[in-house]
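J.: Before I ask anything, let me first share the structure, which is written out below as structure tokens.
Each reported figure results from applying straightforward, stated rules to the coordinates on display, with no laboratory input. This structure is a prediction, so every number in the text was calculated from the model and none was measured. Using ideal geometry, Cβ is built from the backbone for each residue, glycine included, and neighbour counts are taken over all protein chains shown.
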Amino acid sequence: MKTNKLLIFISFLLLLSCEQPQPWPNQLEPCSDIQYYQFSDPGYDRIYMSFKPHSVVGPFFFDAERYEYSDPTFNPHNPMEFAYARADTQFWGLDGEIWTYNFCDGRSRKIADNLYYNLDWGANGWLLYTGTGHQIFKIKANGDSLTQLTNKSGYNRAGKWNPSGELFFNDRDFSTEILNENGQVLNSILTQPFGPIDWINDSTILGWRDQNFYSLNINSEKITSLNTSPTCASCPYIFNPEANCCYVSMRFGPQKGLLRYSLDGSNTVDTVAKMYPSYMYELGDYHSKTQKFLIGLDRQAWRDSLKDQRWTWSNIILMNSDGSGERMVNLE
């Protein structure tokens with residue numbers, strides 16, 4: 001009798017365990033310390049030739065590796081995990097892939113294969129991006145529930161989820177649309193030439209206008225100047241809400257590098273990291289808990305002695321908030 005009761009009890013426990021939702025394997029608890037980050041050897045050759053072409057029709061570009069990696073975005077709830085874009089250089093076209101990578105187990109997992117550009121991981125657990133047909137999509141981090149949120153002609157440039165994950169903006173040609181998580185347009189603000197970058201809070205968007213930083217309140221539609229120091233409208237940005245500043249990847253000119261623009265009205269600009277002549281920092285993300293950047297990095301080097309052919313690499317690097325400790329993430 002006791003044996004039968006024990007078997008019934010064990011069966012009951014097994015039934016309960018089967019009914020519990022199993023966690024997606026890449027949603028791990030944060031590792032105890034930043035030392036768990038796994039890096040490959042950066043392998044950067046920091047001595048490059050100049051960019052001056054030596055051919056009327058060149059220089060020609062060749063991909064040094066099969067895959068290009070870009071657009072990293074941290075998991076807001078786990079700084080040891082991020083999503084990124086991967087493009088296969090053997091095939092031409094806009095469609096790229098979305099992958100996630102976990103620093104704790106060193107594994108990458110494919111999520112989707114219809115990415116065009118702009119990738120953001122929201123506090124609601126959804127990845128937001130512009131995909132097939134220049135429409136905005138969202139997908140869960142485990143690859144489930146792919147959902148198309150827009151069905152409009154022209155370009156729908158998925159921006160960022162707001163901090164709560166309840167809203168996102170759509171950067172249209174002459175307006176900034178505010179949509180809820182189901183894709184319903186709540187407001188369309190004529191903001192030309194305002195270019196949205198990120199959310200300062202749930203009701204305020206950070207953007208640039210006339211080469212300066214401004215904020216846009218989505219309720220009052222008021223635009224306020226934050227920093228009047230000239231910036232680059234076509235350069236990638238990374239917003240840091242805790243430090244109230246925006247990092248700009250300045251690709252050209254004497255200040256080429258990663259610059260920090262204060263947004264407190266002081267117009268302060270300082271250099272966080274200088275770029276080598278053949279470097280270009282691209283889109284990235286910042287996590288305040290670890291004070292680390294994730295940044296896409298394009299590198300180039302001459303392929304032959306005639307200097308009319310160049311190798312190119314597109315990788316993702318991890319960097320400290322002060323610009324030190326630059327390392328390439330091993331995504332092989």
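J.: Please give, to one decimal in nm, the separation of the simple spin-label points placed at residue 217 and residue 252, each 7 Å out from Cα toward the Cβ.
T.: Each label point is offset 7 Å from its Cα along the Cβ direction, giving 3.6 nm.
J.: If you don't mind, another one. With each label point set 7 Å from Cα along the Cα-Cβ vector, what nm distance links residue 140 and residue 291?
T.: Result for the modelled spin labels: 3.6 nm.
J.: On to the next question. Taking the alpha carbon gyration tensor of region 61-328, what are the square roots of 5 times its eigenvalues, largest first, to the nearest whole Å? Please list the in-between numbers first.
T.: Details: eigenvalues 149, 115, 67 Å².
Calculated on Cα positions only, the semi-axes equal 27, 24, 18 Å.
J.: Then there's this: Ranking 280, 80 by Cβ neighbours within 10 Å, fewest first, what do you get?
T.: Values: 280 18, 80 23.
Fewest to most other Cβ atoms nearby, the residues stand as 280, 80.
J.: Let me know the whole percent of all Cα-Cα pairs from region 133-287 that are separated by more than 25 Å. Show your work: numbers first, answer last.
T.: Working: 3931 of 11935 pairs.
Summing the P(r) of region 133-287 above 25 Å gives 33 percent of all pairs.
J.: Which entries in the list 110/289; 138/274; 160/289; 140/289; 160/274; 110/160 go over 29 Å, if you measure between the two C-alpha atoms of each? Please report the intermediate quantities before stating the final value.
T.: On the way: 110/289 26 Å; 138/274 35 Å; 160/289 19 Å; 140/289 23 Å; 160/274 27 Å; 110/160 21 Å.
Those over the limit are 138/274.
J.: Pop a pseudo-label 7 angstrom from the Cα along the beta-carbon direction at both residue 274 and residue 202 and give the gap in nm to one decimal.
T.: 4.5
J.: I would also like to ask the following. So if R0 is 51 Å, what FRET efficiency would residue 110 and residue 224 give, r being the distance between their Cβ atoms, rounded to the nearest 0.05? Before the final figure, lay out each step's value.
T.: Working: r = 42 Å, r/R0 = 0.82.
Step by step, r from the Cβ atoms, then E = 0.75.
J.: Sticking with this one: Using the crude model of +1 on Lys and Arg Cβ and -1 on Asp and Glu Cβ, and no other charge, please compute the dipole size for region 61-328 relative to its Cα centre, in debye to 20.
T.: 340
J.: Report the extension gain between residue 152 and residue 327 in nm, rounded to one decimal, defined as 0.36 nm multiplied by the number of residues separating them, less their alpha carbon distance.
T.: Values: separation 175, 0.36 × 175 = 63.00 nm, distance 4.02 nm.
That works out to 59.0 nm of additional length.
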